[in-house]
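K.L.:
Questions regarding the structure given below will be posed in turn.
The values are calculated or read from the model by the stated rules, or taken from the named source; none is laboratory data. Here the structure is a predicted model, which is why all the values come from computation and not from measurement. Cβ placement follows ideal geometry from the backbone for every residue including glycine, while neighbour counts extend to all protein chains displayed.
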Amino acid sequence: MSKKMPPTPMLDQLESGPWPSFVTGLKRLAEDGDKPSAKIMQGLLGQLEHSYQTRKGYWKGGTVGVFGYGAGVIARFSEQAAQFPESAEFHTLRIMPAPGFFYDTKTLRQMCDIWEEHGSGLIALHGQSGDIMFQGCRTEQVQPAWDKLNAMGFDMGGAGAGVRTAASCVGPARCEQACYDTLAAHRAIINDFTDDIHRPSLPYKMKFKFSGCANDCANATQRADVAILGTWKDDMQVDQKEVQAKVKQLGRKEFINQVIRMCPTQALGLNDDDTLDVDNKSCVRCMHCINVCTKALKPGKEKGICVLVGGKRTLKIGDLMGTVLIPFMKLETEEDFEKLVELAHNMLDFFADNALEHERTGEMIERIGLVNYLEGLGLELDVNMINQPRTNSYVRTDGWDEEARKWAERKTSAAE
Ligand code: HEM
Ligand code: SF4
Ligand code: SF4
């Protein structure tokens, strides 16, 4: 153990609870021999303890960057540099993750080596932003660390008022529920928006996230301005023998409690012979019954995506979940992907032209109205553009008959 470990009586208390503590991780790095990274972490622990003692934070921002990029390095300077000089500069590099968060161990080891050489050794895999957070770097080490990460094939993530780093669920690579190729969609969007990620020039941030089904493992609906979720259009696939086996396993009462009664739209019924009756027209593709009965139930065969717009955490107005913008589109052929990228560009352009400073897409839509947003994007109004299933906050009943006639006409001509 290094002799220079600062005393940390208050931080030590955080290790006494039943759960693993981040303090243990910080100490492990700080005790890692005579490495420069260990010294940085000793300084950090010292300052953190000091912060706990005084109940004050001592980090301030600033501007640090790498050549060619206007974003991706989050600068942090200590106001206690005289007392803790080793961690006086503690910048973070945001590095974009691999789609679906796939890495091999060689890649991870290489990342650790680079960060022990140039930074503090502290890596968050992954931050809420979706990035790999390489935390704790002195200003003069930022460029050399970045050059090595870049040479591995990785790119800088988004920060500031631009397109942010995207994130995708593991999708078809490992998950049977995936209704589209989340990894390919993630890549298609990122490759087309690289400039907007690296050089922020929007009113505020804009995020794209990709989940293969409504389980939304990428938390896209809550946090992404543009959430792309997998769904299906036809009937869900039911293996009635497996349904019967599941009923037997759980017992009728539990099956009814866990599956039938939990369906948000009462679309399920249990037949007398313990097979399942699915009212597919009422099913809103929430995934609940499929999650419980993984062998018996699957998404339908006509798979595709649903695009939601406007999710975000609290800002000018409170938290917003995404509103359905495109109820269903296929995402299989090259043209389908091009259509998605074109839609994303239209959304970004409209946001760039119409949002106020420091306003997210969801807030802009609340301010100008969904109808105007749709008009701006050249999209036809559709009853499936919902905020929450069965409680459509955007319904207006003036001119109802005329709008209903137009909608019916559109449906008929689409079917022809
Ligand atoms: C001036 C001081 C600081 C400010 C204003 C600040 C602000 C922020 C903000 C706004 C985020 C983004 C949260 C989000 O993605 O929703 C963030 C993330 C984060 N910060 Fe800080 N931060 C500061 C200092 C630090 C320091 C010194 C550390 C580490 C020692 C740190 C560690 C992190 C981590 C790990 C995240 C990622 C969390 C996540 O994405 O899951 N921050 N910070
Ligand atoms: S969102 Fe759906 S497809 Fe993606 S990992 Fe989760 S369950 Fe699987
Ligand atoms: S997917 Fe959800 S809405 Fe559809 S039948 Fe199952 S529980 Fe009901």
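K.L.:
Can you find even one residue in the range 70-92 that is surrounded by fewer than 16 Cβ atoms within 10 Å (Cβ to Cβ), under 21 Å from the mean Cα position of the chain (by Cα) and either more than 12 Å from ligand 1 (Cβ to nearest atom) or among the hydroxyl-bearing types (S, T, Y) (or both)?
P.N.:
no
K.L.:
In the range 366-381, how many residues are in a loop (DSSP other than H, G, I, E, B) and surrounded by 14 or more Cβ atoms within 10 Å (Cβ to Cβ)? Give the steps one after another, and end with the answer.
P.N.:
Restricting attention to the range 366-381, the residues satisfying the condition of being in a loop (DSSP other than H, G, I, E, B) are 369, 378-381.
Now restrict to residues that are surrounded by 14 or more Cβ atoms within 10 Å (Cβ to Cβ): 379, 381.
Going through the range 366-381 one residue at a time, the tally reaches 2.
K.L.:
Okay, moving on. Checking L325 against (1) outside the structural domain of I368 (by TED's automatic domain parsing); (2) surrounded by 15 or more Cβ atoms within 10 Å (Cβ to Cβ); (3) within 22 Å of L229 (Cα to Cα), only one condition comes out false. Which one?
P.N.:
With respect to (1) outside the structural domain of I368 (by TED's automatic domain parsing); (2) surrounded by 15 or more Cβ atoms within 10 Å (Cβ to Cβ); (3) within 22 Å of L229 (Cα to Cα), L325 is out only on (1).
K.L.:
Moving on to the next point. Within the group L348, L381, which residue is modelled with pLDDT under 95 and either outside the structural domain of K207 (by TED's automatic domain parsing) or not polar (S, T, N, Q) (or both)? Let's see the steps before the verdict.
P.N.:
Working: L348 fails: modelled with pLDDT under 95.
Every option except L381 fails the conditions.
K.L.:
Could you say whether any residue in the range 272-279 is away from ligand 3 (no atom under 13 Å from the Cβ), of a type in the set (D, E) and in a helix (DSSP H, G or I)?
P.N.:
No.
Listed here are the residues, each with its yes/no results for (1) in contact with a Lys or Arg (Cβ under 9 Å, 6 or more places away or on another chain); (2) within 21 Å of D234 (Cβ to Cβ).
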{"residue": "L250", "(1), (2)": "no, no"}
{"residue": "I260", "(1), (2)": "no, no"}
{"residue": "C289", "(1), (2)": "no, yes"}
{"residue": "V307", "(1), (2)": "no, yes"}
{"residue": "K316", "(1), (2)": "yes, no"}
{"residue": "F328", "(1), (2)": "yes, yes"}
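K.L.:
Right, another one. How many residues are surrounded by 16 or more Cβ atoms within 10 Å (Cβ to Cβ), within 7 Å of ligand 1 (Cβ to nearest atom) and over 26 Å from F84 (Cα atoms) if we restrict to the range 128-142?
P.N.:
Here is the first cut: in the range 128-142, the ones surrounded by 16 or more Cβ atoms within 10 Å (Cβ to Cβ) are 129-138, 141-142.
Subset that is within 7 Å of ligand 1 (Cβ to nearest atom): 129, 133, 135-136.
Going one step further and asking which of them are over 26 Å from F84 (Cα atoms), we end up with 129.
Within the range 128-142, residues that are surrounded by 16 or more Cβ atoms within 10 Å (Cβ to Cβ), within 7 Å of ligand 1 (Cβ to nearest atom) and over 26 Å from F84 (Cα atoms) number 1.
K.L.:
Checking F255 against (1) in contact with a Ser or Thr (Cβ under 9 Å, 6 or more places away or on another chain); (2) more than 16 Å from ligand 1 (Cβ to nearest atom), which single condition isn't satisfied?
P.N.:
So the condition that F255 fails would be (1).
K.L.:
Moving on to the next point. Is there any pair with a first residue in the range 174-194 that is farther than 30 Å from C293 by Cβ and a second that is within 16 Å of ligand 2 (Cβ to nearest atom) and in a loop (DSSP other than H, G, I, E, B) whose Cβ atoms are under 8 Å apart and which are 6 or more apart or on different chains, and what are they?
P.N.:
Partner pairs satisfying both residue conditions: I189/A166; I190/A166.
K.L.:
Also: If we scan the range 186-208, do we find a residue that is assigned to a loop (DSSP other than H, G, I, E, B) and farther than 29 Å from G68 by Cα? Step through it out loud before you land on a result.
P.N.:
At the first step, the residues of the range 186-208 found to be assigned to a loop (DSSP other than H, G, I, E, B) are 193, 199-205, 207.
Now restrict to residues that are farther than 29 Å from G68 by Cα: none.
For the range 186-208, residues assigned to a loop (DSSP other than H, G, I, E, B) and farther than 29 Å from G68 by Cα: absent.
K.L.:
Out of curiosity, is K339 loosely packed, with under 13 Cβ neighbours inside 10 Å and farther than 18 Å from T221 by Cβ?
P.N.:
no
K.L.:
Could I ask something else about it? Closer than 14 Å to C306 by Cα, within 16 Å of ligand 2 (Cβ to nearest atom) and basic (K, R): is that true of K209 in this structure? Can you show your working first?
P.N.:
Numbers: closer than 14 Å to C306 by Cα: yes; within 16 Å of ligand 2 (Cβ to nearest atom): yes; basic (K, R): yes.
So K209 fits the description; yes.
K.L.:
Let me ask something else about it. Please tell me if N384 is over 21 Å from the mean Cα position of the chain (by Cα) and either part of a helix (DSSP H, G or I) or among the acidic types (D, E) (or both). Spell out how you get there, then give the answer.
P.N.:
Working: over 21 Å from the mean Cα position of the chain (by Cα): yes; either part of a helix (DSSP H, G or I) or among the acidic types (D, E) (or both): no.
No; evaluated as a whole, the condition is false for this residue.
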